[in-house]
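The block underneath contains the structure these notes are about, expressed in structure tokens.
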Amino acid sequence: MSSRVAVLFPGQGAYLPGVLADRATHFSRATEVLETIDAVAAEYGMEPISALVLERDAAPLDDLLTKSVDRLDLAIYAVNAAGYEILTGLGLRADVLVGHSFGEFAALSASGVVSVADVARMACTRTQAFHRAAPADGGLLALDVPAWRAEHLVGLLDDPGLRLAIDNGPGQTVVSGPVASLRTVEGVAAGLGLRATRLRAGYAFHNPALHLAAEIFRDSTADVRLAEPRTAVYSPILGRHVQSVADAREVIARNMVAPVRFYDALLSLFRTGTTTFIEAGARQALTGLVKSSLPPAARALPLLPSRGGMRNITSLLEEAGLPVNWDPSSASPRPDEAAAPEPRQAPRAVEPPGQDTRPTLADLLTELADMYAQDLGFPVEMLTSDIDLEADLGVDSVKQLALFQRVLKQYGLAEPPAERRVRATTLEKIAELVEEQRR
């Protein structure tokens, strides 16, 4: 049986500011997608969404979650939809499309079931449904355990607000519920030695708590024009392929409240010959799930794990043996490739006895660059003070946390407030935080 290719579309949290800069403009269809989404945003009184994904200094994820959450779903969809157009523009053809949570809308549009403009309107309508329903504060909590253990834990607590929301594989299950209930789960998990991670989500998705919002959304989208898929779509919410307009309508109607069986979807596709999984959206959450859930024969490729140019994308696909039909000479050089690397700071001089021997900020930057370069395997010249570890280098949050704990141990510092730590994503910001902690 020949290898089949699946394209994956992530949902909540799959946003990086400026991730399409130096990329989308090389493909007319990707540009058209962004223009269409901007036009819909204007219909709903919002600023252009393209600025969020094309400008490197655009608002980060945490700012959108707290100040402009209405634009976040549109931005996530814009990256997914434009990312897919980049893939097809390179000559790659998917055998099957799979969306994760909100990403199912992107899978439906990529397959021709619904237009880009209508998905953008649905994203706005979805946000309006949340505002109208005003559900109680809730969220999502990831537990590093398989679904059966998470189900036992939820059953043990006997909290009617808690639900097993997402089965991502043997190493991660997501539960949803009220904020107070999630705190209880965190406490129990800590007592059992289990890692629990609060996800960046404003509601208890995939939970009956959103039933009213789901009803409002379903009624508001009842007249959206749908067609049968031109490319196969596998729905983790339905647990099967989308084969008809009625199936697509069901995916849309149940998206907020039904559990996501992503692990089952991966297993089903792998068993029927799908061995290459390409994540079309930002970051690489789904890529990691494929790698941790399927045998080594399955390949997982993140299209947009970080910011950069087209060279990052074409190299990734070519190294994986996938055909790329694109002329590199048509691409403009990345700004960071044309610029000379930032010079390293001079080594720290030995301080005379009796003086403060703690490193200065400049010295601290040099030490941090050496430490991070050694651990990450990057050339130290690459780790300039302002380079973003996640957005520019693709270092995931788990790895960043482990490195930061090493920094705290190195300098004998206490754990800073969580909100300060998560914003320290460049060496300059990390150095400033170290300075604050040791005062």
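Only the coordinates and a few stated rules stand behind these numbers; no lab work does. What you see is a predicted model, and the numbers here were worked out from it, not measured in a lab. Using ideal geometry, Cβ is built from the backbone for each residue, glycine included, and neighbour counts are taken over all protein chains shown.
Numbers at a glance
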| quantity | calculated |
| --- | --- |
| Residues with amide H under 5 Å from that of residue 165, placed H, sequence gap 5 or more | 174, 175, 176 |
| In Hz, Karplus ³J(HN,Hα) per residue of region 431-439 (6.51, -1.76, 1.60; θ = phi - 60°; x = Gly, Pro) | 4, 5, 5, 4, 4, 4, 5, 9, 6 |
| Given 67/291; 399/429; 67/409; 291/409, the pairs whose alpha carbons are separated by over 26 Å | 67/291; 67/409; 291/409 |
| Percent antiparallel among DSSP beta bridges (both partners in the chain, rounded to 5) | 45 |
| Ranking of 326, 148 by count of other Cβ atoms within 10 Å, fewest first | 148, 326 |
| Under the Karplus curve 6.51 cos²θ - 1.76 cosθ + 1.60, θ = phi - 60°, whole-Hz ³J(HN,Hα) for region 126-142, x wherever Gly or Pro sits | 4, 5, 4, 5, 5, 5, 5, 6, 6, x, 4, 4, x, x, 10, 9, 8 |
| Mean Cα-pair separation over length for the chain, i.e. relative contact order, pairs under 8 Å, 6 or more apart, % | 18 |
| For residue 301, residues with placed amide H under 5 Å, excluding near neighbours | 277, 278, 279 |
| Sequence of 310, 256 once ranked by neighbouring C-beta atoms within 10 Å, starting from the fewest | 310, 256 |
| Whole-Å semi-axes of region 138-198's equivalent ellipsoid (Cα gyration tensor) | 15, 12, 11 |
| nm² value of the averaged projected area, convex hull over the Cα atoms of the chain | 22.6 |
| With eigenvalues of the C-alpha gyration tensor scaled by 5 and rooted, region 361-437, Å | 17, 14, 11 |
| Region 176-256: relative contact order in percent, alpha carbon pairs under 8 Å with at least 6 residues between | 27 |
| Helix 397-411 vs. the chain, principal-axis angle (Cα, 0 to 90°, nearest 10) | 20 |
| 283, 261 arranged by Cβ crowding within 10 Å, fewest neighbours leading | 261, 283 |
| Förster radius 35 Å - calculated FRET efficiency between residue 224 and residue 435, Cβ distance, rounded to 0.05 | 0.10 |
| Dipole magnitude (debye, nearest 20) for the chain, charges at Cβ of Lys, Arg, Asp, Glu | 1040 |
| Alpha-carbon centroids, region 81-104 and region 294-316: separation in whole Å | 13 |
| Per-residue ³J(HN,Hα) for region 268-282, Karplus 6.51 cos²θ - 1.76 cosθ + 1.60, θ = phi - 60°, Hz, x for Gly and Pro | 4, 5, 5, 5, 9, x, 7, 10, 10, 10, 10, 8, 7, x, 6 |
| Cut-off under 5 Å, modelled amide H: who pairs with residue 138 long-range | 179, 204 |
| Relative contact order for region 142-277, counting Cα pairs under 8 Å that sit 6 or more residues apart, in percent | 24 |
| The chain: angle of helix 310-319 to the longest principal axis, Cα-based, in degrees nearest 10 | 70 |
